[in-house]
Amino acid sequence: MLSFLKAAGIVLLMASLLFGVLAWNFEQPPYAYYRIQRFNNGASQTEVLEALGTPSSIQSHGTRYAYSRPLSWGVLYVDFHEGTLVGYEYDR
């Protein structure tokens, strides 16, 4: 009986740890959020793509890129007009 309680305690501890890590990861912004902050409006679309990489999706006929991570709630939207950066928004 004692070994069963030890095993159950270890399983519960591991499950709690896993849940904590997943909950923490869920609230983290996409990696791209940290990289986009160094750009000013007017930066070229090519410069932004080189820094952020391939977007998760492209919306609004190619003028809005969305970046997200697996197991993460937030999405970073990057907006372009005629090939230049006009703004970005982090949506939690």
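The values are calculated or read from the model by the stated rules, or taken from the named source; none is laboratory data. The model shown is predicted, which means the values in this text are computed figures rather than measured ones. Positions of Cβ are generated from backbone atoms using ideal geometry, with glycine treated the same way; all protein chains shown enter the neighbour counts.
Scan segment 29-72 for residues that are modelled with pLDDT under 85 and either buried (at least 17 other Cβ atoms within 10 Å of the Cβ) or not charged (D, E, K, R) (or both) and jot them down.
The answer is Pro29, Pro30, Tyr31, Ala32, Tyr33, Tyr34, Ile36, Gln37, Arg69, Pro70, Leu71, Ser72.
If you go through segment 44-64 one residue at a time, how many are in contact with a Ser or Thr (Cβ under 7 Å, 6 or more places away or on another chain) and assigned to a loop (DSSP other than H, G, I, E, B)?
Here the count works out to 1.
Restricting segment 65-92 to residues that are of a type in the set (Gly, Ala, Ser) and not in a loop (DSSP other than H, G, I, E, B), which is nearest to the chain's Cα centre (by Cα)?
Here the answer is Ala66.
From Leu18, Leu5, Leu76, grab the single residue that is touching a residue at least 40 places away in the same chain (Cβ under 8 Å), hydrophobic (A, V, I, L, M, F, W, C) and either on the phi < 0 side of the Ramachandran plot or surrounded by fewer than 16 Cβ atoms within 10 Å (Cβ to Cβ) (or both).
Values: Leu18 fails: touching a residue at least 40 places away in the same chain (Cβ under 8 Å); Leu5 fails: touching a residue at least 40 places away in the same chain (Cβ under 8 Å).
Going through Leu18, Leu5, Leu76 in turn, just one is touching a residue at least 40 places away in the same chain (Cβ under 8 Å), hydrophobic (A, V, I, L, M, F, W, C) and either on the phi < 0 side of the Ramachandran plot or surrounded by fewer than 16 Cβ atoms within 10 Å (Cβ to Cβ) (or both): Leu76.
Within segment 30-43, work out how many residues are under 22 Å from Glu82 (Cβ atoms) and outside any helix (DSSP H, G or I).
Total meeting the criteria: 6.
Just to be sure, is Gly9 farther than 12 Å from Tyr88 by Cβ, touching a strand residue (DSSP E or B) at 6+ places or on another chain (Cβ under 9 Å) and among the small types (Gly, Ala, Ser)?
Taking the combined requirement at face value, the residue does not satisfy it.
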